[in-house]
1. Does TRP199 fit the bill of being surrounded by 23 or more Cβ atoms within 10 Å (Cβ to Cβ) and more than 25 Å from ALA97 (Cβ to Cβ)?
2. Taking the stretch 200-248, which residues are of a type in the set (Val, Ile, Thr) and touching a Lys or Arg at 6+ places or on another chain (Cβ under 7 Å)?
3. Here is a check on your reading of the model: is ALA112 away from the ligand (no atom under 14 Å from the Cβ), on the phi < 0 side of the Ramachandran plot, crowded, with 24+ Cβ neighbours inside 10 Å and among the small types (Gly, Ala, Ser)?
4. When you go through LEU131, LEU144, LEU125 one by one, which is the residue that is open to solvent by less than 10 Å² (accessible area, probe 1.4 Å), within 27 Å of SER236 (Cβ to Cβ) and under 12 Å from the mean Cα position of the chain (by Cα)?
5. Which of the helices (runs of 4 or more DSSP H) contained wholly in the stretch 194-300 include at least 2 residues that are under 25 Å from ASP313 (Cα atoms)?
6. Output the residue which, of all residues in the stretch 159-175 that are among the charged types (D, E, K, R) and open to solvent by 10 Å² or more (accessible area, probe 1.4 Å), is nearest to the ligand (Cβ to nearest atom).
7. Working only within the stretch 39-88, note down all residues that are open to solvent by less than 10 Å² (accessible area, probe 1.4 Å), assigned to a loop (DSSP other than H, G, I, E, B) and within 16 Å of the ligand (Cβ to nearest atom).
8. Being part of a loop (DSSP other than H, G, I, E, B) and within 19 Å of GLY65 (Cα to Cα) narrows it down to one of PRO100, PRO95, so name that one.
Amino acid sequence: MAAELPELFIKNMKELLGGEYEAFWESGQSAGFRGLRVNTSKIEAEKFEEISPFPLKRVPWISNGFYLETHTQASAHPYYAAGLYYLQEPSAMTPAACLPVEEGDRVLDLCAAPGGKATELAARLKGTGLLVANDISRSRAKGLLKNLELFGAGNILVTSERPERLASYFTGFFDKILIDAPCSGEGMFRKDPSMVRDWTEHGPDWYASVQRELIEQAAGMLRPGGMLLYSTCTFSPQENEGTIAHLLKKDSSFRMCRLPDYKGFSSGRPDCLSEEAKGLSGDIFQQLKGCVRIYPHRMKGEGHFLALLQKEDAVTDRKAPQKAAKSFASKKNAAVCPEWEQFAKELGISIPPESLRLYDGKLYSLPKDLWNRSIRGLRFLRTGLYLGEAAKKRFTPSQALAMALGKDTCNAWVDFPSSDSRVIRYLKGESPELTESDSASREAGWCLVCADGFSLGWGKLVNGQLRNKYYPGWRWQHAIG
Ligand code: SAM
């Protein structure tokens, strides 16, 4: 680790690791691990492995996770712009992989920006159910929205709210909740030495109180029988087992669940909790051993903590809709947006008409769970899939729509090989020339611009030429190509 470690941190780690501390310290002297997680809503991990333009090695405990070599520029490949993967340190892939999300679930990611876990949760939902992705920081929530849209996720509500405000709208609503809590970041010291300085300003004491507040609010938003996964990228028992102990003591309807076994995973360490927390009941103490710790000297990941909890299922009607709140949606639908109807018909795009809502000329497709739910007053950045804008009798499709479609769900496209330099030029905002040998499904009008069949954005064919309609805010700055 490049930066000097705080003495108190060293003392705590020695207490936690005993004779293994040296190995832990040694592991921090080498370069960290870099990884890539495949977006399985767009391509299967095995398929991606076959077409990957750079060398990959599997992350043994993550079915769609791979290690990257140190100098691989994976964010400079068109597949990145097609949303085929997210770049993520391998141990950070674990929380979303361990929350058993099923299609149709209502899922909350409470501290979601920039979307490392939310994108995986969205991929697992495969366009069904609802993902509410929240982050208190509005600027970070903007990055979160971009990443979710890049992944092609449309069943989303992206908010930037304080947890207690969210809780007042979504009491007992979610099937699954992920809290990837803000923490003192001890597992990030190697990757980001500035975390060491932050640690001295806001260490475990400070974060522990934030985390207790977060887990209490999240608990209230979980339905009976629902599951909550709490994770951090720190080693501090106070922030980890201590936060879980706080919930178990406060709310007896929660029980720890078994996490999947992997040979590098280490168990929870309730024995390292401070004096104050030592008055735990034997039952809670035992349960806390079921937490999972990832250490960089035991497996190839920077470090993480995870705990999976379930709320007792006292109620039998599992997914019964809550009493309908005042309708969030206006009654306007596709019938009042003929521009969309015309556009969708021409391009063969099928979106359930009852999901459509029009606000000031902007058209959205809302996930069913939001049709009858009032979110008025919540600070949100996106509701559902933004389809585009209707104005002057024309429909202009959005970048988010392009990312949610593919050659199988839209009959208008131009497809380049990903190695064709015109792809990078397109991503930079240029309008690349077309030749007769190019693969295109039509001669005029809107079309998806694809690389190896994966959608990148929109273009418009006019007189045999392709006009660039890639969203200007997403244009590539990379100096390659
Ligand atoms: N889950 C994210 C990912 O995988 O990309 C990383 C989340 S990061 C560890 C913690 C996040 O919590 C930060 O983005 C921070 O802005 C947010 N945060 C801090 N306090 C919060 C609060 N009280 N409510 C919601 N989010 C909060």
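1. yes
2. Of all residues in the stretch 200-248, those of a type in the set (Val, Ile, Thr) come to 200, 210, 215, 232, 234, 243-244.
THR243 - this is the single residue of the stretch 200-248 that is of a type in the set (Val, Ile, Thr) and touching a Lys or Arg at 6+ places or on another chain (Cβ under 7 Å).
3. Spelling it out, it is not the case that ALA112 is away from the ligand (no atom under 14 Å from the Cβ), on the phi < 0 side of the Ramachandran plot, crowded, with 24+ Cβ neighbours inside 10 Å and among the small types (Gly, Ala, Ser).
4. Answer to the selection: LEU144.
5. Answer list for the stretch 194-300: 204-221, 241-250, 282-288.
6. We begin by selecting, within the stretch 159-175, every residue among the charged types (D, E, K, R); these are 161-162, 164-165, 175.
Now drop any that are not open to solvent by 10 Å² or more (accessible area, probe 1.4 Å), which leaves 162, 164-165.
On the way: ARG162: 6, GLU164: 9, ARG165: 10 Å.
Restricting to residues being among the charged types (D, E, K, R) and open to solvent by 10 Å² or more (accessible area, probe 1.4 Å), the top hit is ARG162.
7. ASN39, VAL59, ILE62, ASN64, GLY83
8. Testing whether each residue is part of a loop (DSSP other than H, G, I, E, B) and within 19 Å of GLY65 (Cα to Cα) leaves just PRO100.
The values are calculated or read from the model by the stated rules, or taken from the named source; none is laboratory data. These numbers come from a predicted model, not from an experiment. Don't worry about glycine lacking a Cβ; one is built from the backbone with ideal geometry, like all the others, and counts go over all protein chains shown. SASA here: full protein model, heavy atoms, side chains in, ligands and nucleic acids out. Shrake-Rupley method; radii C 1.70, N 1.55, O 1.52, S 1.80 Å.
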